[in-house]
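Undergrad: Shown below is the structure under consideration.
The values are calculated or read from the model by the stated rules, or taken from the named source; none is laboratory data. Bear in mind the structure is a predicted one, so any value in this text is a computation, not a measurement. Cβ atoms come from the backbone with ideal geometry, glycine included; neighbour counts cover every protein chain shown. Just so you know, the surface numbers come from the protein's heavy atoms only, side chains and all, with ligands and any DNA or RNA stripped out. Shrake-Rupley method; radii C 1.70, N 1.55, O 1.52, S 1.80 Å.
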Amino acid sequence: MTYVKGLEGIVAAETKVGHVDGDKGQLIYRGYWAKDLAINYTFEEVAYLIWNGQLPNHEQLNEFKEEMKAHRVLQKNIVALMDCLPRDTEVMSALRTCISALGDPSYSWPPTKNQAVALTAIAPTIIAYWYRKMNGLEVVEPNENLDHVANYLYMITGEVPDSSLVKALSAYFVLTIEHGMNASTFSSRVVASTESDMVSAICGAIGAMKGPLHGGAPSGVISMFQEIGSAENIEPWVRQKLENKEKIMGFGHRVYRTHDPRAEALKEVSKQISDDNEWFDFIVKIEDTTIRLLNEYKPGRKIYTNVEYFAAAVMKAVELPADLFTPTFTASRLVGWTAHVLEQSEDNRIYRPQSSYIGYTPVEQKQ
């Protein structure tokens with residue numbers, strides 16, 4: 001048996017949900033470029049595509065939106081559960097706990113698309129409810145006149161968001177829906193492979209996403225922007241980081257060896273919605289300077305901006321607080337997780353890899 005630490009490069013499943021090609025900088029959802037979907041389609045349209053394999057027509061989209069809205073309202077037992085949580089409970093922990101409490105008998109094996117829709121629809125309400133409660137703010141109920149992403153912002157801020165901000169955050173939601181066999185997606189498929197319920201699979205995925213090595217938020221990038229401060233400080237700041245062999249936030253990716261297509265899409269959307277051209281020019285100048293200096297200091301390494309870099313620009317634009325970055329990422333990735341759980345159930349085999357024993361072996365006793 002061959003030991004591969006972290007299972008890197010090991011193919012563990014066949015999937016039609018999505019494809020990541022790091023060498024070519026490609027991200028595909030169900031046969032469509034994710035970048036094009038993020039720029040030209042809504043979250044609901046792409047979620048429908050991920051779960052059904054095709055984009056919806058007008059009638060299908062309207063029915064789907066109504067189905068999503070029907071699952072937004074928190075059940076009384078979930079509200080009571082959150083009211084019992086310590087006020088300092090992290091948002092991701094609160095979300096994991098509340099999702100777990102949804103595991104009633106209707107979520108038994110096999111998983112269904114209706115379960116996927118219900119979990120995806122309720123997650124933003126849980127996140128917004130707990131965020132406002134932990135900060136001593138009055139809870140904002142879902143707005144039936146708003147679509148999924150707009151309603152999420154509304155429940156957090158209490159105000160109907162500007163359409164340009166909704167467009168920016170919608171693009172972010174679309175671009176983080178799915179990204180291959182990452183740690184959280186693999187976790188969801190492993191749990192599902194035991195014929196456990198959809199809720200258990202998603203709780204496993206949330207647990208994986210909560211870890212900073214996977215669900216790391218773009219707060220570090222925003223801190224970097226603030227630390228650099230002005231255009232004249234960019235090159236000296238970047239050179240000092242590289243001289244000291246320090247990591248520059250928002251650059252490099254474990255998978256992509258060229259431009260991250262998600263970063264490219266968010267860059268385009270950010271440019272479209274940015275009223276503050278000086279701000280946008282500033283972050284583009286940081287990007288250009290850093291890539292140039294990375295090529296100088298680390299030739300041949302092919303290090304470019306990743307999705308967190310321009311996600312930071314979007315998060316700053318919509319004024320989303322830092323402790324909601326990873327939960328927001330989770331709210332979008334629920335679509336991908338549930339799609340993988342459904343796919344796993346269609347041709348299931350329990351995951352059972354081997355381990356290589358490197359411990360002490362006792363001497364056999366002779367009879």
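Undergrad: Scan region 83-113 residue by residue and report those that are open to solvent by 80 Å² or more (accessible area, probe 1.4 Å) and within 20 Å of Thr330 (Cβ to Cβ).
TA: Those that are open to solvent by 80 Å² or more (accessible area, probe 1.4 Å) and within 20 Å of Thr330 (Cβ to Cβ): Asp88, Glu90, Arg96, Lys113.
Undergrad: To continue, here is another question. Has region 42-51 got at least one residue that is among the aromatic types (Phe, Trp, Tyr) and assigned to a loop (DSSP other than H, G, I, E, B)?
TA: No, because not a single residue in region 42-51 is among the aromatic types (Phe, Trp, Tyr) and assigned to a loop (DSSP other than H, G, I, E, B).
Undergrad: Considering only region 135-156, how many residues are of a type outside the set (A, V, I, L, M), in contact (Cβ under 8 Å) with a residue 24 or more places away in the chain and buried (at least 17 other Cβ atoms within 10 Å of the Cβ)?
TA: Going through region 135-156 one residue at a time, the tally reaches 4.
Undergrad: Would a scan of region 303-320 turn up a residue that is among the polar types (S, T, N, Q) and farther than 20 Å from Gly207 by Cβ?
TA: For region 303-320, residues among the polar types (S, T, N, Q) and farther than 20 Å from Gly207 by Cβ: present.
Undergrad: Residue by residue through region 77-114, note down the ones that are hydrophobic (A, V, I, L, M, F, W, C) and more than 16 Å from Cys203 (Cα to Cα).
TA: Val79, Ala80, Leu81, Met82, Cys84, Leu85
Undergrad: Kindly indicate which of His58, His71 is open to solvent by 90 Å² or more (accessible area, probe 1.4 Å) and closer than 23 Å to Glu144 by Cα.
TA: One residue alone meets the criteria, His58.
Undergrad: Could I ask something else about it? Within region 324-343, how many residues are under 28 Å from Ala94 (Cβ atoms) and open to solvent by 10 Å² or more (accessible area, probe 1.4 Å)?
TA: Residues meeting the conditions: 3.
Undergrad: List every residue pair whose Cβ atoms sit under 6 Å apart, with the two residues 6 or more apart in sequence or on different chains, where the first one lies in region 92-103 and is without any contact (Cβ under 8 Å) to a residue 40 or more places away in the chain and within 17 Å of Arg132 (Cα to Cα) and the second, anywhere, is among the small types (Gly, Ala, Ser) and part of a helix (DSSP H, G or I).
TA: none
Undergrad: The conditions are (1) within 27 Å of Val46 (Cα to Cα); (2) more than 16 Å from the chain's Cα centre (by Cα); (3) part of a loop (DSSP other than H, G, I, E, B), and Pro299 fails exactly one of them. Which is it?
TA: Unmet condition: (1).
Undergrad: Determine whether region 125-132 contains at least one residue that is over 29 Å from His19 (Cβ atoms), among the charged types (D, E, K, R), at pLDDT 95 or above and part of a loop (DSSP other than H, G, I, E, B).
TA: Scanning region 125-132, I find no residue that is over 29 Å from His19 (Cβ atoms), among the charged types (D, E, K, R), at pLDDT 95 or above and part of a loop (DSSP other than H, G, I, E, B), so the answer is no.
Undergrad: I'd like the residue in region 71-104 that is assigned to a loop (DSSP other than H, G, I, E, B) and under 17 Å from Met155 (Cα atoms) and, out of all such residues, is farthest from the chain's Cα centre (by Cα).
TA: Of everything passing the filter in region 71-104, Gln75 is farthest from the chain's Cα centre (by Cα).
Undergrad: So if I check each of Ala47, Ala121, Ala116, Ala38, which one is at pLDDT below 95, under 22 Å from the mean Cα position of the chain (by Cα) and open to solvent by less than 10 Å² (accessible area, probe 1.4 Å)?
TA: Ala38
Undergrad: Here's another thing I want to ask about it. Quick test of your reading of the structure: Ala171 fulfils all but one of (1) touching a Leu at 6+ places or on another chain (Cβ under 7 Å); (2) among the aliphatic types (A, V, I, L, M); (3) without any contact (Cβ under 8 Å) to a residue 40 or more places away in the chain; (4) crowded, with 21+ Cβ neighbours inside 10 Å. Name the failing condition by number.
TA: All conditions pass for Ala171, except number (3).
Undergrad: Based on this model, can you work out whether Leu95 counts as under 23 Å from Ala150 (Cα atoms) and of a type in the set (A, V, I, L, M)?
TA: yes
Undergrad: May I pose another question? What number of residues in region 283-323 are open to solvent by 10 Å² or more (accessible area, probe 1.4 Å) and touching a Pro at 6+ places or on another chain (Cβ under 6 Å)?
TA: The total comes to 1.
Undergrad: Applying the selection to region 302-335, what residues are part of a helix (DSSP H, G or I), farther than 19 Å from His214 by Cβ and basic (Lys, Arg)?
TA: Lys316
Undergrad: Can I ask one more? Taking Gly204, is it under 16 Å from the mean Cα position of the chain (by Cα), without any contact (Cβ under 8 Å) to a residue 40 or more places away in the chain and open to solvent by less than 40 Å² (accessible area, probe 1.4 Å)?
TA: yes
Undergrad: Also: Mind listing whichever residues of region 217-244 are touching a Phe, Trp or Tyr at 6+ places or on another chain (Cβ under 9 Å) and outside any helix (DSSP H, G or I)?
TA: Ala217, Pro218, Gly229, Ser230
Undergrad: For residues that are touching a residue at least 40 places away in the same chain (Cβ under 8 Å), open to solvent by 70 Å² or more (accessible area, probe 1.4 Å) and within 27 Å of Met68 (Cβ to Cβ), tally how many sit in region 1-35.
TA: 3
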